[in-house]
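Just below is one structure, and these are the notes that go with it.
The values are calculated or read from the model by the stated rules, or taken from the named source; none is laboratory data. What you see is a predicted model; the values in this text were computed from it and never measured. Cβ atoms come from the backbone with ideal geometry, glycine included; neighbour counts cover every protein chain shown.
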Amino acid sequence: MVKTCATVWDSCLRTIRRNVNTQSFKTWFEPIRPVRLEQNALTIQVPNKFFYEWLEEHYVALLKMTIRQELGEKGRLEYQILMGPNREQDQSSKISVKKDMNIPGAVDTGSIKNPFVIPGIKKVTIDPQLNPSYTFENFIEGDCNRLARSAGLAVAGKPGGTAFNPLVIFGDVGLGKTHLAQAIGNEALISDPGKTVLYVSSEKFTNQIIESIRNNAVNDFVNFYQLVDVLIVDDIQFLANKIKTQEIFFHIFNQLHQNGKQLVLTSDRPPKDLDGMEERLISRFKWGLSADLQAPDLETRMAILETKMNQEGLDLPYDVTEFICYNIKNNIRELEGVLISLVAQSMLNRREIDIELAKEVIKNFVKQMSKEITVEFIQKLVAEHFDLPVDKLKGQTRKRSIVIARQLSMYLAKNLTNKSLKAIGENFGGRDHSTVIYSCKAVQDLLDTDMIFKDTVSDLEKKIKMSLNEK
Ligand code: ADP
Ligand code: MG
């Protein structure tokens, strides 16, 4: 049978379907169109650049395997990106990305002496391994990241010349550690293109060490790292329990630090909690500054999402953006994932992007959601809003501010759930239904007289209705 791009891609899809879950398959693979097959290269069309990056980040190994299976060892995949906010098949707006099937970032370690040297260049030039799209400019500032961001800027402007050495950036997954660390590298090169910057993941670093040990070239390896002015090591928690790697890293760290070179490290937890890490390393990590990245607040999430949309040339209705940001709170990567998934779903099913579609998409991202508004959920949001522990709402305190919060929670529970007055009262430390009626009346009186209170209540109401009530 003659292979065409359609038949090859069909076979690929069969393999892929077996290896990813249904939702991912629908979101990321169904929208792909095979375009052509030339020799060993299959070209596929994806809706936008973000889509392409997502595939590369999450599915490169699978795609590689599948393509090899269909087209043999020399098989290659090329992407054609359909760009722009207007999703018409405008030929002129297509750009092509050629991609051989090497896993991105995997460096050809032909010469172990200089694991990052660009081949064919005589003078020793080290490829910084940076992604130029991670900049300070598009790293949105918020309360959640102010310290880390400004320390990063300071370090980038004066590598090795600040008190922040090493700079340790820590925080949960998806909160921007890699972005910020890379932005420091990019900015350092803009400030001084003569500087040698190197970004390396802890995994790659470990692999290089293993290889250098195998080749009896540990000294060369250590010496190579001495050429670097700004060394960025991402996700150092992966060095845990790797004794030999830690020993060599300790060595490199000391020499660089002594010579006034900058170290930037990222970790998913504060240095003191790095189990399986040698004490002497941990104590060095504490020499400089450890700055954390927290989950962003709503305004920051909105700003981040809007920046992403601008970058990608996407445009979403305001209420949809707001809805997404209300619901995805703890992971910016997820926030972007929802955006892309939403765009993909809308293209795939030719549906308008609205709150309904957003709800469907978000349900796949947030575990265990229920659409039902519960009294507990209202209590949680009200308590958060007034900065009180939830217990106080159920307790007996007569302090005015607490009484108002308590009454307001009952009022919202009555209006937004279909619980009986009795059931609501029980949720508030076993109060009876007449207390709930009294509370609702008190809140109504306040609403009629106090404009500020009225605004607060309508904000809260909106927030409760908007949230998909994570359990
Ligand atoms: P981590 O390394 O902490 O897991 P990443 O650096 O990979 O997280 O960030 C996940 C995604 O969120 C990236 O696409 C990044 O660009 C984006 N991101 C994180 N923080 C911000 C921010 N403050 N402004 C803009 N984008 C951000
Ligand atoms: Mg990261």
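Residues that are among the small types (Gly, Ala, Ser) and within 16 Å of ligand 2 (Cβ to nearest atom) were ranked within the stretch 159-176; the one that is nearest to residue 57 (Cα to Cα) is 174.
Every listed requirement among (1) away from ligand 1 (no atom under 16 Å from the Cβ); (2) modelled with pLDDT under 95 is met by residue 143 save one, (1). Whether a residue is closer than 18 Å to residue 255 by Cα, surrounded by 16 or more Cβ atoms within 10 Å (Cβ to Cβ) and within 16 Å of ligand 1 (Cβ to nearest atom) was assessed, and residue 169 does not pass this test. Can you find a residue in the stretch 376-389 that is free of Cβ contacts under 8 Å to residues at least 40 places away in the same chain, in a helix (DSSP H, G or I) and more than 30 Å from residue 334 (Cβ to Cβ)? No: the stretch 376-389 contains no residue that is free of Cβ contacts under 8 Å to residues at least 40 places away in the same chain, in a helix (DSSP H, G or I) and more than 30 Å from residue 334 (Cβ to Cβ). Evaluate the following for residue 398: is it part of a loop (DSSP other than H, G, I, E, B) and in contact with a helix residue (DSSP H, G or I) (Cβ under 9 Å, 6 or more places away or on another chain)? No.
Would you call residue 363 touching a strand residue (DSSP E or B) at 6+ places or on another chain (Cβ under 7 Å), surrounded by fewer than 18 Cβ atoms within 10 Å (Cβ to Cβ) and in contact (Cβ under 8 Å) with a residue 40 or more places away in the chain? It is true that residue 363 is touching a strand residue (DSSP E or B) at 6+ places or on another chain (Cβ under 7 Å), surrounded by fewer than 18 Cβ atoms within 10 Å (Cβ to Cβ) and in contact (Cβ under 8 Å) with a residue 40 or more places away in the chain. Kindly establish whether residue 410 is among the aliphatic types (A, V, I, L, M) and modelled with pLDDT under 95. So residue 410 fails the test.
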